[in-house]
Amino acid sequence: GLILLFEQPVRRGNYITVGDTEGFVRRIRIRATEIETLQRTTVVVPNSELLTLHLKNWNLRDRYGRIGCPVGVAYGSDVRLVERLLLEVAAEHKDVISDGRGGVPKPVALFRGFGNSTLDFELRCFIRDVTRRFFVVSDLNFAIDAAFREHDVTIAFPQLDVWHRSLPPTPQPPVDSGDDAPDNTRPD
């Protein structure tokens, strides 16, 4: 607790992730720290865990943070159009830093690869307040969908081709009617 209080790798109000717990630091005490999750539950984490587990402090020095919005488009889509639309969507959002201020990189649209059913892209950008990242990602996803619909870019979905092959009928042995065959079931 003393290390946390004096070195301050975590401060009250910081948004942190430690283990499976993610939320705002509400109180730091000698033995434990209280974290309020986004579900508004309070989790008490022993300070020893904060010092021994990997601690991610999302806003120790500033509130900026990077987000990513992956999207897959159908094969045959104009990849340069997709890139342009993703960058336009980022530039139009008020929380996205699109001018490269403060040493923060401008948004980028990456063509990540060729998937099984999709051409895989990812919009990566920095936002002003990383604690709002879920809301900004949601806003960007809505805007990406609208921009793609307006420009007839299809967001792909997994596809599976099923081939049904008919086999030739299997020859069946002839069925004996029993008229000419001897009856072996009677004793002689």
With the 8 Å Cα cutoff and a minimum separation of six or more residues, the range 1-97 has a relative contact order in percent of 21
Go through the range 105-166 and name the trypsin sites (Lys or Arg not before Pro) that are in a DSSP coil and have 11 or fewer other Cβ atoms within 10 Å of their Cβ. ARG165
Give the residue list of chymotrypsin sites (Phe, Trp or Tyr not before Pro) in the range 95-173 that are DSSP loop and have at most 13 other beta-carbon atoms within 10 angstrom. TRP163
Convex hull around the C-alpha positions of the range 1-112: the volume in Å³ per residue is 145
Summing +1 per Lys or Arg and -1 per Asp or Glu among the other residues with Cβ less than 11 Å from THR42's Cβ gives +1
Contact order normalised by residue count of the chain, Cα under 8 Å, 6+ apart, percent: 18
Mean accessible area per residue over the chain (1.4 angstrom probe, all protein chains present, square angstrom) is 71
Calculated Rg and Dmax of the chain using C-alpha coordinates, Å: 31.0, 110
From the convex hull of the Cα coordinates of the range 59-143, what is the mean projected area in square nanometres? 5.8
First select every other residue whose beta carbon is under 14 angstrom from the beta carbon of LEU119; then total the charges, Lys and Arg +1, Asp and Glu -1. -2
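The values are calculated or read from the model by the stated rules, or taken from the named source; none is laboratory data. Note that the structure is a prediction, hence the values are computed from the model and not measured. Here Cβ is always computed from backbone atoms with ideal geometry, including for glycine, and neighbour counts include all displayed protein chains. When the accessible area is computed, the model is the full protein with side chains, heavy atoms only, and any ligands, DNA or RNA have been set aside. Shrake-Rupley method; radii C 1.70, N 1.55, O 1.52, S 1.80 Å.
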